[in-house]
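These notes concern the structure reproduced below.
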Amino acid sequence: MTLDERFEFLAKKIESLHEAVFENTRQIAELSRKFDERFDRVLGIIESLVEIARNHERRITGLEGGVQ
């Protein structure tokens, strides 16, 4: 294998690695976006459950004769 052939081989390998890194970066960005969306959804659900629990606690306290 000549020096030029080695350089050509390495150049192709570098290009392949560049493409792989670019694709991985794109996939990571997409997964990050999906994670953020789902996390926001779960956070909203948790906030709703907290509000429901607080409402129930106020009702129970009221039924027990406590201050609302």
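The values are calculated or read from the model by the stated rules, or taken from the named source; none is laboratory data. Note that the structure is a prediction, hence the values are computed from the model and not measured. No Cβ is skipped: glycine too gets one built from the backbone with ideal geometry, and neighbour counts run over all protein chains shown.
Can you confirm whether Gly44 is in a helix (DSSP H, G or I) and either of a type in the set (Gly, Ala, Ser) or surrounded by fewer than 10 Cβ atoms within 10 Å (Cβ to Cβ) (or both)?
So Gly44 passes the test.
Could you count how many residues in the stretch 28-68 are at pLDDT 95 or above, of a type in the set (Lys, Arg) and over 13 Å from the mean Cα position of the chain (by Cα)?
1
Out of the stretch 54-66, which residues are surrounded by fewer than 10 Cβ atoms within 10 Å (Cβ to Cβ) and assigned to a helix (DSSP H, G or I)?
Of everything in the stretch 54-66, just one residue is surrounded by fewer than 10 Cβ atoms within 10 Å (Cβ to Cβ) and assigned to a helix (DSSP H, G or I), namely Leu63.
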